[in-house]
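**Q** The structure's right below; bear with me while I get my questions together.
Every read-out reported here was derived from the displayed coordinates using simple, explicitly stated rules and does not represent laboratory data. Everything numeric in this text was worked out from a predicted model, so none of it was measured. Here the Cβ positions follow ideal geometry from the backbone for every residue, glycine too, while neighbour counts run over all protein chains shown.
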Amino acid sequence: MSSIMTNSAAMTALKSLQATNQALETTQARISTGLRVGEASDNAAYWSIATTMRSDNKALSSVQDALGLGAAKADVAYTGINSAIDVVDEIKSKLVAAREPGVDKAKIQSEIGELQNQLTSIATSASFSGENWLSQDSAATGYTATKQVVASFNRAADGTVSVGTVDIDTSAIKLFDANAAASGILDTDFTTTGAGAVTVSISTLDITAANFDDTDLDEMISEVDTAISSMTTAASDIGSSKGRIDMQNDFVSNLMNAIERGIGALVDADMTKESTRLSALQTQQQLGTQALAIANGSSQTILSLFR
């Protein structure tokens, strides 16, 4: 039945065109943003997961920065100790040379004094971002021998989060300690048993001291050699810590990439699929517009019957 009050064909065509336009808007939004799930209304579960994981990835980015900072501190400390080992090697050579009868010990002591100054300069300069692992003051307020490097951001199954750290004990690697009640590798006092019976450290030894004899000198050489061994161990420990930090940094980088891929699998739009769908919907829109025009034209046919 034809009616001028109700045009069923036009209503059907209009509804179909509206559905096509809505689907076209959705497809265009996906193509514009590259996201299949851009809002919670698109898929609440996937949007929630993706939002949480994006937040975690930002936290992991900060972890990467912290690991880079920690690696730099460890590298500076290692460089300082490595340089100090070379200087202490020189001091040992000077002491061995001083063992030769008839040498001018005053001149050798002058050279040793310059080397001692260099050790102090190395330890003081081995600082990064205001933190120095080689020259410390254990009496300072808030001092802690264990240095922590943020290494991970963890989310448990129940949603609770925690931060993991790499702990580095600097008590065994420090060269100097300003605290009179403590000491580092190079300012630890020892007392010789020769005629001089002097109490000195590597940073303060003086072979020209009164009553200083060959026994004292031999014991100093032994103490210097022990210090070199201690610094070698310290350098090895720092190298191990830096190696772990570097491995953790690589892991965090790979983890961030994996999380990003997982987020993409949940919310990213398939651009090939969406472009194909866009072409189809544009065609449907054109056909729907024509169908609506044809349906609206039926009323004009009824009008012609009254002419």
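**Q** In segment 200-230, how many are within 17 Å of ILE185 (Cβ to Cβ) and either among the hydroxyl-bearing types (Ser, Thr, Tyr) or touching a residue at least 60 places away in the same chain (Cβ under 8 Å) (or both)?
**A** Qualifying residue count for the region: 15.
**Q** Let me ask something additional. Give just the number: which of (1) within 30 Å of ALA13 (Cα to Cα); (2) among the hydrophobic types (A, V, I, L, M, F, W, C); (3) surrounded by 14 or more Cβ atoms within 10 Å (Cβ to Cβ); (4) within 41 Å of the chain's Cα centre (by Cα) does ALA235 not satisfy?
**A** For ALA235, the failing item is (1).
**Q** Could you list all residues from segment 111-143 that are of a type in the set (A, V, I, L, M) and either in contact with a Gly (Cβ under 9 Å, 6 or more places away or on another chain) or not in a loop (DSSP other than H, G, I, E, B) (or both)?
**A** Matches in segment 111-143: ILE112, LEU115, LEU119, ILE122, ALA123, ALA126, LEU134.
**Q** Report, by residue number, each residue of segment 25-47 that is among the hydroxyl-bearing types (Ser, Thr, Tyr) and either touching a residue at least 40 places away in the same chain (Cβ under 8 Å) or surrounded by 13 or more Cβ atoms within 10 Å (Cβ to Cβ) (or both).
**A** Listed by number, the residues that qualify are THR26, THR27, THR33, TYR46.
**Q** Hey, does segment 165-188 have a residue that's more than 25 Å from SER241 (Cα to Cα), in contact with a helix residue (DSSP H, G or I) (Cβ under 7 Å, 6 or more places away or on another chain) and buried (at least 21 other Cβ atoms within 10 Å of the Cβ)?
**A** Scanning segment 165-188, I find no residue that is more than 25 Å from SER241 (Cα to Cα), in contact with a helix residue (DSSP H, G or I) (Cβ under 7 Å, 6 or more places away or on another chain) and buried (at least 21 other Cβ atoms within 10 Å of the Cβ), so the answer is no.
**Q** Tell me whether segment 143-159 contains one or more residues that are buried (at least 16 other Cβ atoms within 10 Å of the Cβ), closer than 27 Å to ASP237 by Cα and of a type in the set (D, E, K, R).
**A** The answer is yes; a qualifying residue exists.
**Q** Within segment 170-203, work out how many residues are in contact with an Asp or Glu (Cβ under 8 Å, 6 or more places away or on another chain) and either under 25 Å from GLU131 (Cα atoms) or outside any loop (DSSP other than H, G, I, E, B) (or both).
**A** Number of matching residues: 16.
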